[in-house]
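Scroll down for the structure; my scribbles are underneath it.
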Amino acid sequence: GGGQGNPLTSITFPVVIDKALKAAESNGVEPRAQQDDIHLWSDPDEIFGADGTLVTLHADLKAVGLDPDLTQFQLIGTTPDAGANKPAWLTETFIITDPLEAA
């Protein structure tokens, strides 16, 4: 990251994470980021697993000198089994049960 409140951080940080986000996108996942809040939208099978986008994104961020805090990661699923293959360290915060919102 960068210094909290530093005006250059809002310009340089997205440049630093851009390559990692584009790599995640090439795997069929839709990454969305607002500064250091990154969201991955896709089928859970694309995100989780040994070669999943979550593992790749984490490694790509570490490669540019970032150290993502795993305790800040959260899973929001659209089905009760969305987190079936999630890593043990990932907290399943919420499951969307409204069929209109889950779609």
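The values are calculated or read from the model by the stated rules, or taken from the named source; none is laboratory data. Everything quoted here is computed from the prediction, not taken from an experiment. Glycine gets a Cβ as well: all are built from the backbone with ideal geometry, and neighbour counts include every protein chain shown. These area figures cover heavy atoms from the full protein model, side chains too; ligands, DNA and RNA do not enter into them. Shrake-Rupley method; radii C 1.70, N 1.55, O 1.52, S 1.80 Å.
Brief remarks follow.
- A residue that is open to solvent by 50 Å² or more (accessible area, probe 1.4 Å), in a helix (DSSP H, G or I) and over 19 Å from Asp67 (Cβ atoms) cannot be found anywhere in segment 27-39.
- Lone unmet requirement of (1) open to solvent by less than 90 Å² (accessible area, probe 1.4 Å); (2) within 24 Å of Asn6 (Cβ to Cβ); (3) in a helix (DSSP H, G or I) for Leu54: (2)
- Residues in segment 65-80 that are loosely packed, with under 12 Cβ neighbours inside 10 Å and over 14 Å from the mean Cα position of the chain (by Cα): Gly65, Pro80.
- Flag if Gly83 is more than 16 Å from Ala20 (Cβ to Cβ) and open to solvent by less than 60 Å² (accessible area, probe 1.4 Å): yes
- Condition met for Gly83 (part of a loop (DSSP other than H, G, I, E, B), under 15 Å from Trp41 (Cβ atoms) and without any contact (Cβ under 8 Å) to a residue 60 or more places away in the chain): yes
- Candidate set: segment 1-20, residues that are in a loop (DSSP other than H, G, I, E, B) and surrounded by 14 or more Cβ atoms within 10 Å (Cβ to Cβ); chosen: the one modelled with the lowest pLDDT: Gly1
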